[in-house]
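One structure below.
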Amino acid sequence: MSTFKELGLNQDLINAINDLGFETPSEVQQKAIPTLLSEDRDLVALAQTGTGKTAAFGFPMLQNINIKSRTTQGLILSPTRELCLQITNELKLYGKYCKGLNVVAIYGGASITEQAKQVKKGAQIIVATPGRMKDMISRNMVDISKIEYSVLDEADEMLNMGFHEDITDILSHTPHDKSTWLFSATMPKEVASIARNFMYDPIEITVGNRNESTSQVSHEYYLVNGRDRYLALKRLADANPDIFSVVFCRTKRDTQKIAEKLIEDGYSAGALHGDLSQNQRDLVMKSFRNKQIQMLVATDVAARGIDVDDITHVINYQLPDEIETYTHRSGRTGRAGKTGVSMVIVAKSEVRKIKSIERIIKKSFEKKDIPSGMEICEVQLMSLANKMHNTEINHEIDAFLESINELFVDTSKNELIKKFFSVEFSRFYDYYKNAKDLTVSDTKESGGRESSGDETRYFINVGRKDGYDWMSLKDFLKEVLELGRDDVFKVDVKDSFSFFNTDKSIEKKVLDFFTDFKYNGRFVNVEITENKGGGRRRDKGGRGRRRNDDKRSRRRSSDSGKRGDRRSRRSSSPKSDRRRSGSGSDRPRRSRRK
Ligand code: ADP
Ligand code: MG
């Protein structure tokens, strides 16, 4: 592995890289930078979203151009305004020590004369969306007749969006002897044809397999009745309290509708689609970036520009019409070395599509059950407990302590804890205690493990915060317990705790092993949990140690009768209860992510 310096970058750029905190070049950077610095060749690079493509073409371009000249020498075309602005900002950061550098962004929805003015000042590099670029060429506002480098960024997305003609037109105004660098996540035939028609003997770089989806992303699907789609979506959100996600719908109408429903039900959601004004879209994106929105409901086209690094989940509320689009969707998560989950909610009639997607992404999906109501309650409760445990004490409270103490003078610590938790927990519990099982059984198509019914589900007090994802936790468990490949399953990693299943036959072994087990200096605690890992709840009693020692709540949770159905219908969501109960829509929003 080489360093940025070894790739041949000059000191100005190295200094900027140090400021940015990039330590080692990514694979696409390792492959592209030295080539582009030393050879005047065309290049086709296939690499997933989040692999650092901007720097892969940005650094060589900055080093190769003549900054003393005011002539436009580099042109970067990108599919959306958001990406265009992002690339421009990145290039400015990369070139912060290149004195006299002027990078200008050109995109629709903003003043064309202002952009023309910026270009007139002498822009060595222009970053543009195809539509506006073409417009400016036809109005003689830009001169790209002397460019030496052209970049087609996210070429597959540009072609998907119908920019083929615009690109052809723009490139016809550029000199023949320039170098063209094409970057793309996938290589559909339209991209191959661009490469053939506009490029001369390009060098090819592939990072990972062609068309392979990002390895940091795991893929899951949930089989439900079509009419339960929305309920399923809410459960997936509730089962992941720290979710920060993009929810994909097929149409603008559905996008708007689902976002509105979520907001009504008390979720922090927003819609992003083409019927919104640019201003509205900017506002939504701003709230999303600031994490004021946890669930961004979007159409494929509108989501193209989303380039936010720490999206935890992509939820396919509906599958895209063209299954190739799935790669773009799932590529929104698992960026910049982080792990991510791409979830698909499917009806039985669409399961075939899952198989086709598996062929395209060359990875398999895990079939999972929609979390049961009780599992969600448990997750919410433990997440709350962890948050409370990690909360820094605000000593402004000290002044009121005496009166509070007076109020609770006869309350035991246990009781107090229960009361505190009930404030938040009852909302979920009341909503979910009689919630039905949403998972549709699918014996023929089952991609996951067949449920024998004799499984045990465990809780373990390590999670994402300890650096685990479901794969590494599974490996860890298999290793310490000396188990075989499929002995640990349904591993579900949350922020600071996780769940997993084994066959009931090895339950004792697991519990015995984790009695007083210490790892990296801390106790790793494993206990049997009530829920079974999505879907069907199990209420058999008397198995091993139990976490839920509240007899009353257990009895209530098991007598799921008609009475409660009415109640769950009345409150449309556990979240909406919060608002109704007056715990405060006017209150500052509980910060859900750290
Ligand atoms: P892509 O265009 O392939 O989707 P980006 O160029 O947008 O990816 O990069 C994704 C993120 O990774 C950005 O936040 C970028 O600043 C960061 N990044 C790029 N290269 C490196 C590196 N070598 N080390 C650390 N972070 C990097
Ligand atoms: Mg990019």
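The values are calculated or read from the model by the stated rules, or taken from the named source; none is laboratory data. Note that the coordinates shown come from a computational prediction; the quantities given were computed from them, not determined experimentally. Glycine gets a Cβ as well: all are built from the backbone with ideal geometry, and neighbour counts include every protein chain shown. Just the protein is used for accessible areas: all its heavy atoms, side chains included, with ligands, DNA and RNA removed. Shrake-Rupley method; radii C 1.70, N 1.55, O 1.52, S 1.80 Å.
Details
- The count of lysine pairs in the range 14-101 with alpha-carbon distances below 21 Å, taking only pairs 8 or more places apart or on different chains, stands at 6.
- Within straight-line cross-link reach of Lys478, lysines at Cα separation under 24 Å, skipping those fewer than 8 residues along the same chain: Lys338, Lys363, Lys367, Lys368, Lys465, Lys490, Lys494, Lys504, Lys508, Lys509, Lys518, Lys532
- Counting every alpha-carbon pair across the range 294-363, the share separated by more than 13 Å comes to 65%.
- Tail beyond 19 Å, pair distance distribution of the range 69-118 (Cα, percent): 27 percent
- Using 0.36 nm per residue and subtracting the Cα-Cα separation, the extra length available between Ile203 and Phe22 on full extension is 62.6 nm.
- Solvent exposure of the range 131-249 as accessible area per residue, Å², 1.4 Å probe: 39 Å²
- Contour minus Cα-Cα distance for Asn140 and Ser364 (0.36 nm per residue): 75.6 nm
- Degrees, to the nearest 10: 53-64 long Cα axis against longest axis of the chain: 30 degrees
- Per the Debye calculation on the range 237-324 with a single equal scatterer at every Cα and no solvent contribution, log₁₀ I(q)/I(0) for q = 0.20, 0.21, 0.25 Å⁻¹ amounts to -0.90, -0.99, -1.43.
- Overall, the accessible surface of the chain at a probe of 1.4 angstrom is composed of carbon and sulfur to the extent of 48 percent.
- Note that the range 415-422 has calculated 3J(HN,Hα) couplings of 5, 4, 4, 4, 5, 4, 5, 4 Hz, one per residue in order, obtained from phi through the Karplus relation 6.51 cos²θ - 1.76 cosθ + 1.60 (θ = phi - 60°); glycine and proline are x.
- For a paramagnetic label modelled on Asp282 (point 7 Å from Cα along Cα→Cβ), amide N atoms under 11 Å away are absent within the range 113-148.
- Set the Cα radius of gyration of the range 40-155 against 2.2 N^0.38 Å, with N its number of residues, and you get 0.99.
- Within the straight-line cut-off of under 13 Å between alpha carbons, the aspartates and glutamates reachable from Lys134 are Asp143, Glu165, Asp166, Asp169, sequence neighbours fewer than 8 places apart in one chain being disregarded.
- Burial order of peptide ranges 138-145, 458-465, 513-520 (average beta-carbon count within 10 Å, highest first): 458-465, 138-145, 513-520
- Coarse-grained scattering of the range 117-201 at q = 0.17, 0.23, 0.25, 0.26 Å⁻¹, given as base-10 log I(q)/I(0) from a Debye sum over alpha-carbon atoms: -0.70, -1.24, -1.41, -1.50
- Principal axis extents of the Cα atoms in the range 313-431, from largest to smallest and rounded to whole angstrom, are 65, 33, 19.
- For a straight C-alpha distance cut-off of 18 angstrom, the lysines reachable from Lys286 (same-chain residues fewer than eight places away being disregarded) are Lys594.
- Compactness index (Cα Rg / 2.2 N^0.38 Å), the chain: 1.08
- Between 0 and 90°, nearest 10: helix 470-481 axis offset from the chain longest Cα axis: 50 degrees
- Degrees separating the helix 351-361 axis from the principal Cα axis of the chain, which is the longest one: 50 degrees
- Per-residue ellipticity at 222 nm computed for the chain from its helices equals -11500 deg cm²/dmol, with DSSP H segments shorter than 4 residues left out and the rest contributing -39,500 (n - 2.57).
- Fraction of the pair-distance distribution of the range 113-272 above 20 Å, Cα-Cα pairs, percent: 66 percent
- Restraint check, Lys189/Lys257; Lys257/Lys474; Lys362/Lys474, Cα-Cα greater than 29 Å: Lys189/Lys257; Lys257/Lys474
- Sparse-neighbourhood loop sites, GluC sites (Glu not before Pro) in the range 4-104 - DSSP loop, at most 12 other Cβ within 10 angstrom: Glu6, Glu23, Glu39
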